[in-house]
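Here's the structure we're looking at; comments come further down.
Quick note: the coordinates plus some simple rules give every number you see, no bench work behind them. If you're wondering where the values come from, they're calculated on a predicted model, not measured in any experiment. Every residue, glycine among them, receives a Cβ derived from its backbone with ideal geometry; neighbour counts consider all protein chains shown.
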Amino acid sequence: MFTGSAYAGRGLLKSTDGGASWQLLATATFAGAAVSDIKVNPSNPSILVASITYGRAGRGGEFPPTIPSRGIFKSTDGGMRWLRKQAGDATDLEVDPTNFNNQYAGIGYPFGNNLNGVYRSTDAGDSWTPISGPWTTLVGGVGRVELAIAPSNANVLYVSIHDAKDGTGHDGGLLGLFKTTNAWASTPMWTQIPTGATDDGTGVHGYCGYTAAFPNDPFSDQCHYSHVIIVDPTNANVLYAGGVPLWKFDGASWTEVSKTVSDPTHGIHVDQHSMAFAGSRLVVGNDGGVWSTTDGGNTWADHNTNLAIAQFYDGSVHASNLDFALAGAQDNGTGKWTGTNAWKFILGGDGADNAISSSSPDTNWAASYQNLSIFRTKNGADFFTADTGINKTGVPFIARFEKCPSNDDVMIAGTNSLWKSTNFFSGTSASWSSNWDGEGLNIEVSALAFAPSDATCNTYALGGSEGNLRLTSNGGTNWALIDPGNRNAVPDRYVTDLAFDPTNANVLYVTLSGFDEGTPGQPGHVFKTTNALATSPMWSNVSPPVNLPHNTVVVDPSAPATVYVGTDVGVWKSIDGGGNWTPMGPETGMPNVAVFDLQINDDTGRLVAFTYGRGAFALTSRGCSLSSTVIPAAGGTFPGTTSGTSALEASCPGTQPTGPERIFQWTPTGSGMATIQTCGAGTNFDTVLYMRTVSCANSAADVDCNDDPPNSEPPCTISTGQNRGSRITPIVLAGQTYFIVVDGFKGAQGNFTLTVTPPPTLSTTSTTSTTRPSTTSTTTTSTTTTRPSTTTTSTTSTSTTSTSSTSPTSTTTTTTIPPGSTLQVTDCAAGPGATATCNVTLRLAAGVEVATLQFNATVDPIATAPPLATSVGFVQDPSLPPPSQNTNEGFATLLVGWFSPFNPHLTATRLLGTLSVPVPATAQGDQMYRLRIIAPSGTSDGSTDVPLAPGPDGKLTVGRRFLVCDVVPTRTDQNGDGDTADAGEFGNGTIGNADVVAIFRASLLPDQQPPAGAPRTRHRFAAVTRQSGTTTSSAASGARCSPRCHATNGSGREGARRRWRRHWQALRWPPRSPPLGPQPERRRRETRSRQARSSCDQP
């Protein structure tokens, strides 16, 4: 699908399991381009043909720095490698449904090009020939080309051509619609189909350049944007042509089936982009979503109930209501979100900037649509024009305006100049006047920001489409150029956003679109000054380590050192004013999507990301409506007292934490296992300790929770000498904010001492010896990396000696900041004597690829857990080749490595495989093991290092074992977890001698077990049957236990915790409840097990 404003992509995605997983292909060929169509040979799926055109990126809509090759490409190996067969911007591709050799393509750069035209191939896309037609002699140039072959008769082909924007003809309109009935003849014969019925009668606008639904401005002439055709699968004379509305041609006449005029309530949205038939059902994709019809357009089904695809430009959040936001969406107006799974339409057009009153947020709002058409409402319902006085000359299509945080009446707005209103809500009608101290800026104002610390609303800044930065501190009377051309510290690229530190007007951040290559020698996308009000501000490049457009920036009012930026691939967070950055990707609930706006509210703690294509997402882990004490990242010891009433309650089973609470807010700078406890003489009451990330509210999931440490762990004594303190050891992530709650058991309260010990620093020195295959070399590398605000220094010393045999590699690394790419083992659980399977996950930063990889995995007992007695193992994910090295060093350490390059290279986040950990039979329920990755290393091409760091340590929790009666015979592994110890996987409903013997032997310690192969003495046992509350004795061979009994490995109180780290909640979709309890299948098994144990849990 090509829209004329398609986003530049990274390559092609391929799935071989019905969309469950995807593989990124052809990045070197297609990165930075847009794909308009792909065709797969139905008899050989390894053969593909694709049409490729240009793509744009960022809020400024820039082209990538290096525009890749476009045209028609072919692959014969399932998409791994591609060759270009025809040059030009390919906007469509159609294949004969009966013969893959026969193909048509449209080359159609919207602004005109001598390659534009209709092309044909009769050798499966290997060679292409231009086809002549009436379009070559018409006034106007050939622009975008759309094609449709009739499925019922492949000789019938329709061609729809846009009048190129080249200064001749009727630019942007429809050049013509043409049909042939001998498409594969040496010289096809063409007929032009009149289209005057679809516009004002002239036919020069056509279905893609005119709509009667907008009588005041029906001439859109946007055939470069919304333009698509398709033929009915059973009737070659019936054509559907989509532009602004959707029209149907029956061979003689036209009918507007989108009902934009006749019945818009039961019709479909405007601006059609894609159509496909599923049997007799026509599915249509447009700017409003997806619709379908099974009766040729007489009636339509709306498929957008929970489809989150809104392209938001800008948004606003309510001053006190968590569940309220406004947002302006491309071609879908301005919407209002009130906590449900949908946005309510409140203003039309292409939704743009908006604002919510600080003093009357429930009723007073401002909204706009294209070309800075601004409206206001003072009752939350009725909107009236509010842009009187603004000269719209030079106005951007999507323009910006901004409200002063401390005065609802003060607004500024940008065209190619600046405008200001001082009576926006209080006036009878809002009035505007010029706020520029000279001639027009002559640039597109692309970013605006007030300094919140200036309550007079006199300090604000603007940014322009060419990198201009201006600031006023006296309400616009005078303006200062804060990045003059003689210094030009900030690259001259499109300024997307500005943000002042809420407490200090001297601190100003700016984000830029585009790519580093667009300003050679001046990289970076986020810049910061700490003296913005000075005559010559100094700027620092504080960008995240990614070269892609940055669209928005926001500073946390409650913690001004915390900064968020939205990029073309998600959100990044810094907790030290831009010194270091952490990506907030899919693992937090935020998809890899372009984020155009970020809005934060200090009172509610609500941060909302407004994305261009996936709706809006709320970060619900930042705030706490209750009073909390911020503690330093380095942790420490903090005395406190609880008193008053209870507001929160932990999820620890049986704790009854009904006492008053104290809440602490902590943002660690390192990842790994932390220790948090209330042990010691400073605590004089029975505490309950828990930690949350989603918020401090009861609706949030507990990351970890504890009343009293179990007997398997060291005691946590308090002033009374009793084990009544609390201890948790959660896995924490650097940069993530956590809420630590000190509560009281059954209403207990008093004095406490909280001790917070962060994970060990990531600054480590480790030496690892690995044995590589022959013909490798001995390499010793020492690397030290430091990250000041603008400088990165790397020092590497290398000595290489060739050898024909295997040789060790020794690596010593010191790192002061966590790299953006990590490798970790995730949490898992298993019972004593069972084997735990723990996922090993690689998370790569945006743009990072790995060709070779190696790491050590080790398992360490925590506290009193016994050491491993059997070796750990590793099994790679089936999609990966077996590792070149997979060897053990003792029972607890494993060396894994792939020394031959992955094909394709690894990118993004993916599962490498599973670490199998045999839990000792002597382990006890609730004991734990630490799962660590040591010294991961990788290369991007077999020799160039990729910075990798160990991710947070994982935990293996030992489950509790329950003895049950019916355990023989052993059946098959039904759920694929590697054992047969789950409900339904053993027992036959009859308790016999074999069951009793198995239970007896299971109760013996290892040194009490009979020797292997020792004969079994035959015994006759009496079994117990419980029926209707009575106990009877019977022969074991015939005794039955009712209901059936099953054995299970329980997870224990703490093992039953569920980690929940998806901190972003999609505002479009229905809310997703954190998986605090067992998943459905496990829940069914555990329920059956509990029922069985309730009546028969002793031998």
Once the in-chain neighbours fewer than 8 apart are removed, the lysines whose Cα is under 29 Å from LYS573 read LYS336, LYS403, LYS528, LYS955
For the pair THR757 and ALA634, the simple spin-label estimate (label points 7 Å beyond Cα toward Cβ) gives in nm 1.7 nm
Cross-link reach from LYS248 to lysines, straight Cα distance under 30 Å and at least 8 residues apart if same chain, gives LYS39, LYS165, LYS179, LYS259
In nm, the gap between the two label points placed 7 Å beyond Cα toward Cβ at ALA869 and THR887 is 2.8 nm
The rounded separation in angstrom of the Cα centers of the stretch 313-346 and the stretch 98-169 is 42 Å
Residue by residue through the stretch 928-938, the couplings from Karplus 6.51 cos²θ - 1.76 cosθ + 1.60 with θ = phi - 60°, in Hz, x for Gly and Pro, are 9, 10, 8, 10, 10, 9, 10, 6, x, 8, x
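For the stretch 629-757, what is the Kirkwood estimate of the hydrodynamic radius, computed as the reciprocal of the mean inverse distance between distinct Cα atoms, to one decimal in Å?
Details: mean 1/r = 0.0704 Å⁻¹.
One over the average 1/r among Cα pairs gives 14.2 Å for the stretch 629-757.
What are the equivalent ellipsoid semi-axes of the stretch 809-958, built from the alpha-carbon gyration tensor (square roots of five times its eigenvalues), in whole angstrom, biggest first?
Three semi-axes, in Å: 28, 15, 14.
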Bounding extents of the stretch 12-302 in its principal axis frame from Cα atoms, largest first in Å, are 50, 45, 43
dims of the stretch 1-104, Cα set, principal axes, largest to smallest, nearest Å -> 43, 32, 21
Any lysines whose Cα falls less than 17 Å from that of LYS392, other than same-chain ones fewer than 8 residues away, would be LYS420
Over all viewing directions the Cα convex hull of the stretch 219-287 casts an average projected area in nm² of 4.9 nm²
Most exposed to least, judged by fewest other Cβ atoms within 10 Å, SER127, SER421, SER671 sort to SER127, SER671, SER421
The stretch 388-445: spread of alpha-carbon positions along the three principal axes, whole Å, largest first, is 31, 22, 19
Exposure-ranked with fewest Cβ neighbours within 10 Å first, ARG971, ARG56, ARG724, ARG144 stand as ARG971, ARG56, ARG724, ARG144
Under the 7 Å Cα-to-Cβ spin-label approximation, ARG487 and THR944 lie apart by a distance in nanometres of 3.4 nm
Footprinting proxy, GLU146, GLU649, GLU402: sorted fewest to most Cβ within 10 Å, the residues are GLU649, GLU402, GLU146
